[in-house]
Amino acid sequence: MVLRLTGWDQAPEASQLFLRAFGSEAANEDECVAARCELVGWLAANGQPEMSKIVKHYSTFPFGVRSDALEVINIWRNISVKGQKEQIDRFLSEIDQRFAGAGWSRNSVIETEMSRDEHQINRFHCWSTNPDNMPRVMLCLNRATERRVRGGTYNIEEGATLADLASVIQHILREVLEPGATAVGLKVA
């Protein structure tokens, strides 16, 4: 996020709004939500409508006050997408294309290991970053039933940090899962 200031006198107000809006200086969740709305308004009023839209978009993520990398990572396991069987089929196809477009590929070895019992109802769908990309991350979703997909497991290779994983999860939520769900009339909860 970029905050453009017309002068240094705006720096204290803008930085305080930012810190309250994204949790590190907010006393509670209500204060955090109020600060996010205030920041959206401040950006729009100060000639930054595009950045205002971005902050508004980030404000929809379910990050709590004082969130850290572990809290963001835990969001992955709590993801839930529900719909009709055909919608879920299309959702998985849509996000598969979006993962591929982002340079990720299906990890069929892990999928086979995790979905090995022929009588198992749930099936795992796993994607890994390109071997040339850093950090190396694998993310899996669990098709728990024909009508529901849940967050699954994840893995990072040696050298990657929890902050790297949290950043990747935020990116995938924003660029793959949310637009994939929207494209088929579903929502990520």
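Under 17 Å of direct C-alpha separation, and excluding same-chain neighbours fewer than eight residues apart, Lys56 reaches these aspartates and glutamates: Glu29, Asp30, Glu31, Glu38, Glu175, Glu178. When segment 33-189 is described by a simple charge dipole with +1 on each Lys and Arg Cβ and -1 on each Asp and Glu Cβ, the residue from Ser80, Ile110, Thr153 located farthest towards its positive end is Ser80. Each helix, a run of at least 4 DSSP H residues, gives -39500 (n - 2.57); summed and divided by the residues of the chain, these come to -14500 deg cm²/dmol at 222 nm. Pick from Ile95, Ile110, Ile121 the residue whose mean-square fluctuation is largest in a GNM of the chain, springs joining Cα atoms under 10 Å. Its mean-square fluctuation being the largest, the pick is Ile121. Angle of helix 162-172 to the longest C-alpha principal axis of the chain, folded into 0 to 90 degrees and rounded to 10: 80°.
The equivalent ellipsoid of segment 116-165 has semi-axes of 26, 11, 9 Å, largest first, where each one is the square root of 5 times an eigenvalue of the Cα gyration tensor.
The ranking of Lys82, Lys187 by Cβ neighbour count inside 10 Å, starting from the fewest, reads Lys187, Lys82. Against the chain, whose longest principal axis comes from its Cα atoms, helix 29-45 is set at around 70 degrees. Just checking the listed ones, Pro49, Pro179, Pro135: in the Gaussian network model of the chain with Cα springs under 10 Å, the one fluctuating most is Pro49. Residues Glu113, Glu94, Glu38 in ascending order of nearby Cβ atoms (within 10 Å, fewest first): Glu113, Glu38, Glu94.
For segment 69-183, the relative contact order is 33 percent, taking Cα pairs closer than 8 Å that sit 6 or more residues apart in sequence and dividing their mean separation by the residue count.
For segment 136-189, the Kirkwood estimate of the hydrodynamic radius, built from every pair of different alpha carbons, is 12.3 Å. Short to long, the 10 Å bins of the Cα pair-distance histogram for the chain hold 9, 31, 31, 21, 7, 2, 0 percent of all pairs. Against the chain, whose longest principal axis comes from its Cα atoms, helix 49-58 is set at around 50 degrees. Lacking any other cysteine beta-carbon closer than 4.7 Å, the following Cys residues of the chain have no compatible partner: Cys32, Cys37.
Every number here is computed from the coordinates shown, using simple stated rules; none is lab data. The model shown is predicted, which means the values in this text are computed figures rather than measured ones. Backbone-built Cβ (ideal geometry, glycine too); neighbour counts: all protein chains shown.
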